[in-house]
Amino acid sequence: TSLEVSVTKIDVNNFEELVRNTNDIWLLEFYSERCGTCQEFEPTWKKVVPKINGVKIGRINIDKKEGLKLSQNVGVLDNGIPNIQLMKGKTQDITIMRGIDDLFDEQKLLSTINLNLKKMQSLGNGEL
């Protein structure tokens, strides 16, 4: 059973306010409802997310015009979807996974997120 986690819909209209203009650390999933791999990834994502502490969770649907524009602005579309990013403030971005890299390996995904989260937390507000 997975725990219920608060997930915020992020797009080009609220990204700056919620992500870039705060010191919160965000774990963001860029996805498409039409993407078969994204749909296959969802069960793994839903198991991993409740195990991550100290972050806010956001989803960006690139099927929507506002989500697509945000994806283009941050360069995510160049790397394929689903795409998982850790972001903090204006300068700290870490690509956790993209496309099909270790997509369904729950433990590897969790350890990669936690490793990069610790890195981001230890740097405080500096650039990566």
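The values are calculated or read from the model by the stated rules, or taken from the named source; none is laboratory data. Fair warning: this is a prediction, and the values are worked out from it, not measured in the lab. Counting neighbours? That spans all protein chains shown, and the Cβs are built from the backbone with ideal geometry, glycine included. Note: accessible area is taken over every heavy atom of the protein model, side chains too, but ligands, DNA and RNA are not part of it. Shrake-Rupley method; radii C 1.70, N 1.55, O 1.52, S 1.80 Å.
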| field | Qualifying residues in segment 55-65 (those that are touching a helix residue (DSSP H, G or I) at 6+ places or on another chain (Cβ under 9 Å) and not in a strand (DSSP E or B)) - the one surrounded by the most Cβ atoms within 10 Å (Cβ to Cβ) | value | 62
| field | Sole exception among (1) out of contact with any Cys (no Cβ under 6 Å at 6 or more places or on another chain); (2) farther than 19 Å from residue 111 by Cβ; (3) surrounded by 14 or more Cβ atoms within 10 Å (Cβ to Cβ); (4) not charged (D, E, K, R) for residue 31, by number | value | (1)
| message | Looking for something modelled with pLDDT of 80 or more and either on the phi > 0 side of the Ramachandran plot or surrounded by 17 or more Cβ atoms within 10 Å (Cβ to Cβ) (or both) - is there at least one such residue anywhere in segment 117-127? | response | yes
| task | Take segment 89-116 and flag every residue that is part of a strand (DSSP E or B), open to solvent by less than 70 Å² (accessible area, probe 1.4 Å) and modelled with pLDDT under 80. | result | 97
| query | Quick one: residue 74 ticks every box in (1) modelled with pLDDT of 90 or more; (2) surrounded by 19 or more Cβ atoms within 10 Å (Cβ to Cβ) bar one, so which box is it? | reply | (1)
| message | I'd like to check something: does segment 29-36 contain any residue that is touching a Pro at 6+ places or on another chain (Cβ under 7 Å), acidic (Asp, Glu) and either in contact (Cβ under 8 Å) with a residue 12 or more places away in the chain or within 18 Å of residue 120 (Cα to Cα) (or both)? | response | yes
